[in-house]
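The values are calculated or read from the model by the stated rules, or taken from the named source; none is laboratory data. Just so it is clear, the model here is predicted, and its values are computed rather than measured. Cβ sites come from the backbone with ideal geometry, for glycine too, and all protein chains shown count toward neighbours.
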Amino acid sequence: MTDMPTPQISVTITLVFAATLIANMLLKFWLASRQIQYVSTHRNAVPTAFSDRITLAAHQKAAEYSVAQTRFGLLELAWGMAITLGWTLMGGLQFLNQSLLDWHGPGLVQQLALLTAFVVIGSVLDLPFSLYRTFVLEQRFGFNKLTPKLWLQDALKSALVGCALGLPLAALVLWMMDATGTYWWVWTWCVWMGFNLLMLLIYPSWIAPWFNQFKPLEDADLKRRVTDLMQRCGFVSKGFYVMDGSKRSAHSNAYFTGFGSSKRVVFYDTLLSALTASEVDAVLAHELGHFKHGHITKRLISTFGLSLLGFALLGWLSHRAWFFTALGVMPNLNGANDALALLLFMMVLPLLGSFTGPVFAQFSRQHEFEADAYAVAQTSGADLSSALLKLYQDNASTLTPDPVYAKFYYSHPPASERLGRIAQETQYG
């Protein structure tokens, strides 16, 4: 730990943090207000391009769902900002850390207890919002299928998995931060990267089945079709599975999980009940397009690269006393502050990420266009358009998002842009 900073430095950093927090909140409130106004203004008329396939009632349901989600998101945003202020400038993290120091004294156990207590308290503070989203908001629009019993079972299972995986990882990271010297962040990044790769391997077979049932695809004709498609595209999968997604939600999806020879193709049962066999082919071809263009690898590399930069920044900040004092925490000048540094960094980083988010969203949307083009080349553009439109409708995704909001947040192109591009690919090849 460097020498204690002058009051002027701490005050300056505090003001920068507060200004960033306020700017973040104002930006997101402005974007949300645009989205609510734009969607509400266009709720009474189905866009011309979709008027022959989407009913006015379905369009209005999507508009109401989008507005309700956005308004609720504003409440979550305000609450999250208040919690961040409570932990930092209002002294919450300082109080929690000092209480655990008084109770147990300094050391690895105290730091691990601090991380655990922070996560538990945060989960409790977020609980009302989680319950409202599931049992009120999703229920109102007919998407929630969770019962209170199943919700509680999921919560307990998540807690067990979190403890079994998170506590050993956290203990290892804290130990490495203290024991591996100035460049601890390099070794810790290697452990973090290895953990993420390990999760890609074990999640499909060991963790996901704890929460959902995965049955082999039994529809012989559909299985033949998707097998032929995979072979034609030069892909190998460990199997095709149907997940009982309808047990929890009416939303539909399909995805690849795992990597290398352990890749699996997973279809929600809600997806198979909504789409025709040729439409399922088109959706699968889209997912194959992500692999064909190397999107998964590129995202992993970018994620690991950015995480390395993040660990390097944390490694530098963790030795600056002003990083702690400016955020409302008094560091231990003669002992370890690793858990404090981790928690403060976790709270500051999302504020900076809000301003870089649109850049990554743009890359993601470009990847979706490329995957769509691959699907059109391998299957049918008409089937892909039909499938996507059904998914937009089944998931009550608005067809008329605010353009600025969409560019800032959307990882997938809006329906009008996406289906328009597919139509061009189909027509001109």
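Figures for the structure shown
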| item | result |
| --- | --- |
| Meets criteria (crowded, with 17+ Cβ neighbours inside 10 Å and not charged (D, E, K, R)) for F304 | no |
| Residue tally, condition charged (D, E, K, R) and surrounded by 19 or more Cβ atoms within 10 Å (Cβ to Cβ), over the range 395-417 | 1 |
| Considering residues of the range 263-320 that are touching a Gly at 6+ places or on another chain (Cβ under 7 Å) and of a type outside the set (S, T, Y) only, the residue farthest from P209 (Cα to Cα) | D269 |
| Residue pairs meeting the criteria (Cβ under 7 Å; at least 6 apart or on separate chains; first part of a helix (DSSP H, G or I), in the range 189-214; second basic (K, R)) | P204/R264; W210/K157; F211/K157 |
| Criterion: out of contact with any helix residue (DSSP H, G or I) (no Cβ under 8 Å at 6 or more places or on another chain) and at pLDDT below 95 - qualifying residue of V124, V109 | V109 |
| Those residues of the range 215-229 which are among the hydrophobic types (A, V, I, L, M, F, W, C), surrounded by 13 or more Cβ atoms within 10 Å (Cβ to Cβ) and part of a helix (DSSP H, G or I), in sequence order | L222, V226, L229 |
| From L344, L384, L399, residue being in contact (Cβ under 8 Å) with a residue 24 or more places away in the chain, of a type outside the set (S, T, Y) and farther than 25 Å from F143 by Cα | L344 |
| Strands (runs of 3 or more DSSP E) lying entirely in the range 230-292 (those with 3 or more residues that are under 14 Å from D219 (Cβ atoms) and free of Cβ contacts under 8 Å to residues at least 40 places away in the same chain) | 240-243 |
| Residues satisfying the stated conditions in the range 314-352, i.e. farther than 22 Å from T182 by Cα and either over 23 Å from the mean Cα position of the chain (by Cα) or assigned to a loop (DSSP other than H, G, I, E, B) (or both) | A326, L327, G328, V329 |
| Considering residues of the range 158-208 that are out of contact with any helix residue (DSSP H, G or I) (no Cβ under 7 Å at 6 or more places or on another chain) and aromatic (F, W, Y) only, the residue modelled with the highest pLDDT | Y183 |
| Residues satisfying the stated conditions in the range 130-153, i.e. surrounded by 15 or more Cβ atoms within 10 Å (Cβ to Cβ) and either assigned to a helix (DSSP H, G or I) or touching a Cys at 6+ places or on another chain (Cβ under 9 Å) (or both) | Y132, R133, T134, F135, L137, E138, W151 |
| Options F311, F291; residue that is aromatic (F, W, Y) and modelled with pLDDT of 90 or more | F311 |
